[in-house]
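For reference, the structure discussed in these notes is given below.
The values are calculated or read from the model by the stated rules, or taken from the named source; none is laboratory data. Remember, it's a predicted structure, so these values are computed and weren't measured experimentally. As a convention, Cβ positions derive from the backbone with ideal geometry for all residues, glycine included, and neighbour counts pool all protein chains shown. For the accessible areas, the whole protein counts, side chains as well, though only heavy atoms, and no ligand, DNA or RNA atoms are used. Shrake-Rupley method; radii C 1.70, N 1.55, O 1.52, S 1.80 Å.
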Amino acid sequence: MPESPEASTACETVRVPLGDRAYDIVIAEGLIDRLGAELAPVLKRQKVFIVTDTKVAEAHLGRALAALDHAGITAEVVVLPSGEATKSYGTFTELLDRLLGLGAERKDILVALGGGVIGDITGFAASVLRRGMDFVQVPTTLLAQVDSSVGGKTGINSPFGKNLIGAFHQPRKVIADLTALDTLSARELRAGYAEVVKYGLIDDLPFFEWLEDAGPAILAGNRTAQARAVAHSCAAKARIVGEDERETGDRRALLNLGHTFGHALEAECGYDGTLLHGEAVAIGMGMALDASVRLGLAPEADKVRYLAHLAKVGMKARAADIGRSFDVDKLIGHMAQDKKVDAGKLTFILGPIGGARIVQNPDLAAIRASLEDSLA
Ligand SMILES: NC(=O)c1ccc[n+]([C@@H]2O[C@H](COP(=O)([O-])OP(=O)(O)OC[C@H]3O[C@@H](n4cnc5c(N)ncnc54)[C@H](O)[C@@H]3O)[C@@H](O)[C@H]2O)c1
Ligand SMILES: O=C(O)C(=O)C[C@@H](O)[C@H](O)[C@H](O)COP(=O)(O)O
Ligand SMILES: [Zn+2]
């Protein structure tokens with residue numbers, strides 16, 4: 001088991017292999033305090049446009065600005081409201097106008113300083129502003145460091161569903177400062193942890209076994225364990241994105257494990273903060289394992305094992321525990337908007353722990369039963 005939370009970590013670099021759009025993910029403590037030096041290799045001019053949210057601005061904007069000033073880089077800043085509701089049409093158009101009003105030119109660069117919400121909306125803005133600008137991800141949540149900052153999926157939500165308006169637009173660099181995790185709430189840290197577990201469930205049983213042991217340490221702030229979890233997750237995501245950047249093959253959809261269910265729960269909650277994305281994914285992965293058992297694609301023991309791990313790290317495993325009711329037909333209605341739908345047929349990521357695969361058009365009775373079971 002890793003040492004004390006104070007232990008410092010070396011800098012890790014993971015490369016996302018995308019030909020002439022390849023980029024580095026750098027992972028270390030204190031990178032926000034060296035932001036100018038980290039950004040320098042990808043800047044075309046000594047100016048950046050930082051997009052952040054209210055909570056991140058309070059905790060980390062000061063040190064980011066000090067580091068840029070130290071490096072002689074000027075910064076314009078747009079601060080958006082914190083929370084999932086920010087990934088909306090209204091905030092998106094406001095962001096575009098604010099950036100245009102501040103004079104952002106095509107050769108300027110946007111810096112997304114925040115969690116997945118800021119990363120997704122800023123990346124989408126970068127993809128359309130002046131027909132495409134560069135952007136850099138500076139992820140400040142566990143979820144953003146292990147998942148959303150990597151791979152170039154950007155976008156906003158619609159009342160019809162999650163991330164339904166967006167673009168693939170890769171960042172020029174990802175700068176993950178592990179010290180940012182220290183100011184995250186315990187709830188947000190746990191939500192991000194769900195996406196870490198996802199990599200184990202997809203195709204990495206040894207990683208899941210390690211998490212069964214190290215999960216509590218990661219959530220308790222043990223830096224060595226956090227560093228290993230972030231670097232391992234980024235390496236897994238970089239590999240899959242490198243193989244299937246735009247989810248046109250049979251690889252990237254695996255990263256959607258638990259999301260068909262989870263996104264339906266989030267959409268039904270109206271992005272009001274009742275259910276965080278990672279919390280929805282944790283419950284959705286339980287539903288996927290339950291459906292896999294019903295369809296003969298996974299042993300019951302795997303579902304029991306996953307639920308035991310969620311209990312060990314204090315995460316809710318069932319939709320019934322959220323504190324609000326759901327209508328199964330409405331959830332299935334949301335699933336019909338999922339981006340994996342093909343000719344009207346639903347697609348799910350199913351299978352045993354470490355053996356996920358894409359299953360098109362499974363028996364809907366099993367899916368419905370998994371939803372009903374989780375809601376009972
Ligand atoms: N693009 C992708 O590949 C991808 C992958 C996974 C998730 N996502 C998206 O990411 C979003 C969820 O991201 P998230 O969980 O990071 O949510 P988030 O961006 O809303 O951040 C969570 C909360 O923590 C606060 N916060 C962020 N960093 C902080 C810090 N260091 N200290 C204190 N508070 C901090 C934020 O203000 C917010 O209130 C969802 O919209 C999801 O759809 C995208
Ligand atoms: O990067 C991917 O690919 C993922 O599926 C990662 C997911 O964790 C993430 O939530 C993603 O935004 C979901 O993608 P979507 O295409 O279903 O919106
Ligand atoms: Zn996700």
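Observations on the model:
- Among ALA59, ALA311, LEU164 - extreme Cα towards positive end, dipole of the chain, charges at beta-carbon: LEU164
- Inter-centroid distance (Cα atoms) of region 108-180 relative to region 39-60, Å: 13 Å
- Dipole moment magnitude, nearest 20 debye, the chain about Cα centre, only Lys, Arg, Asp, Glu C-beta charged: 780 debye
- Percent carbon-and-sulfur accessible area, the chain, ignoring ligands, DNA and RNA, probe 1.4 Å: 51 percent
- The residues of region 63-163 have, on average, 34 Å² of accessible surface per residue, using a 1.4 Å probe with all protein chains present.
- Cα shape, region 221-279, gyration tensor, a/c 1.5 rule: oblate
- Hz values of 3J(HN,Hα) by residue in region 352-365 - Karplus curve (6.51, -1.76, 1.60), Gly and Pro given as x: x, 4, x, x, 6, 8, 7, 10, 8, 6, x, 4, 5, 5
- Computed from Cα positions, the angle between helix 89-101 and the longest principal axis of the chain comes to roughly 10 degrees.
- Our estimate of slack between ARG131 and ALA311, defined as 0.36 nm per intervening residue step minus the Cα-Cα distance, is 60.2 nm.
- Extension gain (nm, one decimal) between ASP327 and ALA40, 0.36 nm per residue minus Cα-Cα: 98.2 nm
- Computed extension length for ASP244-ALA85: 54.3 nm, one decimal, from 0.36 nm per residue of separation with the Cα-Cα distance subtracted.
- Counting charges near ARG357 (Lys, Arg +1; Asp, Glu -1) among other residues having Cβ under 12 Å from its Cβ returns a value of -1.
- Against the chain, whose longest principal axis is taken from its Cα atoms, helix 259-269 shows a tilt of about 80°.
- Global geometry of the chain, whether rounded, prolate or oblate, following the gyration tensor of its Cα atoms and the 1.5 cut on a/c: prolate
- If a spin label sat at a point 7 angstrom from the Cα of LEU164 along the line to its beta carbon, the backbone N atoms of region 125-139 nearer than 20 Å would be those of 125.
- Rounded to 10°, Cα long-axis angle of helix 116-128 versus longest principal axis of the chain: 60 degrees
- Cα centroids of region 187-211 and region 299-340: 16 Å apart.
- Estimated FRET transfer efficiency (GLN337, ASP69; beta-carbon r; R0 35 Å; 0.05): 0.20
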